[in-house]
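In what follows, a structure is listed as structure tokens, so that the remarks can point back to it.
Read-outs: derived from the displayed coordinates by stated rules, not from any lab. Values in this document were obtained by computation on a predicted structure and should not be read as measured data. Don't worry about glycine lacking a Cβ; one is built from the backbone with ideal geometry, like all the others, and counts go over all protein chains shown.
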Amino acid sequence: MSAGWARKRFWAEAAVAEEAGGYAVRLDGRPVRTPGKAPLLMPTRELAEMVAAEWAAQEGEVAPATMPMTRMANSAIDKVTPQRAEVVAHLAAYGETDLLCYRATAPDELVRRQAEAWDPWLDWLASRYGVRLATVPGLLPVPQEAAGLARLEAEIARLGAFELAAFHDLVGLPGSLVLGLAVAAGEADPATVWEHARVDEAWQIEQWGADDEAERVNGLKRQAFLDAARFFACASELR
């Protein structure tokens, strides 16, 4: 059984080792492998150190839920790399149905809050990438300019496999390609961006009160979003 599939801790030390083509994590000298049996080789030392820290923190039974950096690194190698084109196309498609493009028509306070939180990000997208996404009242589909979407897809295609693994969560969790691009570009604190993505939910809580299960799920999603932001930043170190 490879170290990547360990169920119980058997190692005393998790350390980073520089190898040809990147940085590996070794458990008492033995290399960690992905679930697909590939070497867990990462592009930056900082990222490898984060993964090593997760392995070092395990006690007794290995808990994959406490190892988000390892999970994303595994995904980059086992899932993103062999189907890169499909992943890029999937992420680019969020531009066709971006959260920021669908606006409430009432009440006025919610309309105002959406505009205050979301319009600056659409302006930023237009300034940075020359792409202006159209907005629409309600939830009916709004067609976006094909040339603009193609430019955004080209930007996504520039990302490496490890960046794409994190970018998947940066886009998918809030349902917004625009917000994912903003975090990837380092334009704002990820925690602030996450709150911007939850304008509608925050409004509903104000009106009807919080639901414990919904808040638990939001907490998990928020942490996954923040983890993805950290992973992306570390994976982008050499860019």
Original post:
Once you have the alpha carbon radius of gyration of segment 3-66, what is it after dividing by 2.2 N^0.38 Å, with N set to its residue count?
Top reply: 1.02
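Give the Rg/Rh ratio for segment 87-214, taking Rg as the radius of gyration of the Cα atoms and Rh as the Kirkwood radius, to two decimals.
Values: Rg = 14.8 Å, Rh = 15.2 Å.
Taking Rg over the Kirkwood Rh, I get 0.97.
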Original post:
Of G186, A89, T105, which is farthest along the charge dipole of the chain in the positive direction, counting Lys and Arg as +1 and Asp and Glu as -1 at C-beta?
Top reply: A89
Subject >> Built amide H within the under 5 Å cut-off of E19, gap 5+ >> reply: A24
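With +1 on each Lys and Arg Cβ and -1 on each Asp and Glu Cβ, and nothing else charged, work out how big the dipole of the chain is about its Cα centre, in Debye to the nearest 20.
Details: 24 positive and 35 negative charges, 188 e Å.
Here the chain has a charge dipole of around 900 debye.
To the nearest 20 debye, what charge dipole does segment 3-66 have about its Cα centre, counting +1 at the Cβ of each Lys and Arg and -1 at the Cβ of each Asp and Glu? Present the calculation step by step, with values, prior to reporting the outcome.
Values: 8 positive and 9 negative charges, 68 e Å.
The calculated dipole for segment 3-66 is roughly 320 debye.
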**OP:** Work out from phi, with θ = phi - 60° and the Karplus expression 6.51 cos²θ - 1.76 cosθ + 1.60, the ³J(HN,Hα) of each residue of segment 137-144, listed in order in whole Hz, and give x for Gly and Pro.
**Re:** x, x, 10, 5, x, 10, x, 10
**OP:** Report, in degrees rounded to the nearest 10, the 0 to 90 angle that the Cα long axis of helix 199-208 makes with the longest principal axis of the chain.
**Re:** 70
**OP:** Determine the principal axes of the Cα atoms in segment 1-142, then give the extent along each, sorted from largest to smallest and rounded to whole angstroms.
**Re:** 60, 30, 24
Original post:
Taking Cα atoms, how many degrees apart are the long axis of helix 45-56 and the longest axis of the chain, rounded to 10 and kept between 0 and 90?
Top reply: 70
**OP:** Among A12, A24, A154, determine the one that fluctuates most according to a GNM of the chain built with springs between C-alpha atoms less than 10 Å apart.
**Re:** A12
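Quick one: divide the alpha-carbon radius of gyration of the chain by 2.2 N^0.38 Å and tell me what you get.
Details: Rg = 19.8 Å, N = 239, 2.2 N^0.38 = 17.6 Å.
Here the answer is 1.12, to two decimals.
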**OP:** Go through segment 159-174 residue by residue and turn each phi into a ³J(HN,Hα) via Karplus (6.51, -1.76, 1.60, θ = phi - 60°); whole Hz please, and just put x for glycine and proline.
**Re:** 6, x, 4, 6, 5, 4, 4, 6, 4, 4, 6, 5, 9, x, 5, x
Original post:
Which residue, chosen from A53, P31, P43, occupies the Cα position most advanced towards the positive end of the dipole of segment 3-66, where the dipole is computed from +1 (Lys, Arg) and -1 (Asp, Glu) charges on Cβ about the Cα centre?
Top reply: P31
Original post:
In nm, to one decimal, how far is the modelled label at R84 from the one at D189, with both set 7 Å along Cα→Cβ?
Top reply: 3.6
**OP:** Rank V217, V142, V87 by mean-square fluctuation in a GNM of the chain with C-alpha springs under 10 angstrom and give only the top-ranked residue.
**Re:** V217
